[in-house]
Amino acid sequence: MSTNENAPVHISQSVAILVDGNNIERSIHSETNKPNTMLNFDTLVPRLLGNRGLNRLVYFREGKQISSKLRERLHANYHGSVRPCHKSADIPLSIKATQLANKVDTIIIMSGDSDYVELVIHLKSEGVRVEIAAVPATTSRLLIEEADYFHEITRDDWFTLEPKKKVVRAGSSPKAEPPATDS
């Protein structure tokens, strides 16, 4: 019996991506010192998936003020959902991960928070591959060690929105500085 070493391998893994929005946002903002820097899901999600299929994407974020544009974009592009959390995302994200454990092959947790170490251990004991995607400088070393794989989120994975410039309306002029005088 001969084998064809050049035959392509078809990977049919189902992947869920669970995002701790506050943790990832804080990590990116600490790297850039710019609060208007955001993840570029359009480049990041395909890189995280590789040739695997996306089962679902859930973005957890503390607070009620969640961008409707983000919600619409995640739904339109990835059939994703955004879940507001009362406090931190740790508990809701962990509950969702355990609910998905028997429905997917891999769970990617986007967070560097060491609070997820026990969740990673539990999911792996259930036979789920667990990957972490986070900014290396703000990621728990123990979390990286427990995960099956670590995806570094780098500057290539985010963008900064420039602040909107104030529009001067017709008929009005910006405040002029008083002329300088020589004393």
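Computed from the coordinates by the stated procedures, all read-outs in this text should not be read as laboratory data. Quick caveat, the model's predicted, so the values are computed rather than measured. All Cβ positions, glycine included, derive from the backbone under ideal geometry; neighbour counts span all protein chains shown.
General remarks:
- For 26, 155, order by how many other beta-carbon atoms lie within 10 Å, fewest first: 155, 26
- Stretch gain in nm, segment residue 32-residue 141, where the contour uses 0.36 nm per residue and the Cα spacing is subtracted: 37.1 nm
- Flagged links, alpha-carbon separation over 18 Å, of 34/87; 69/164; 69/96; 34/69: 34/87; 69/96; 34/69
- As a rough footprinting exposure proxy, the listed residues 78, 149 were ranked by other beta carbons within 10 Å of their own, and the order from fewest upward is 149, 78.
- Helical runs (DSSP H, four residues minimum) scored at -39500 (n - 2.57) apiece and divided by the length of the chain put the mean residue ellipticity at 222 nm at -9000 deg cm²/dmol.
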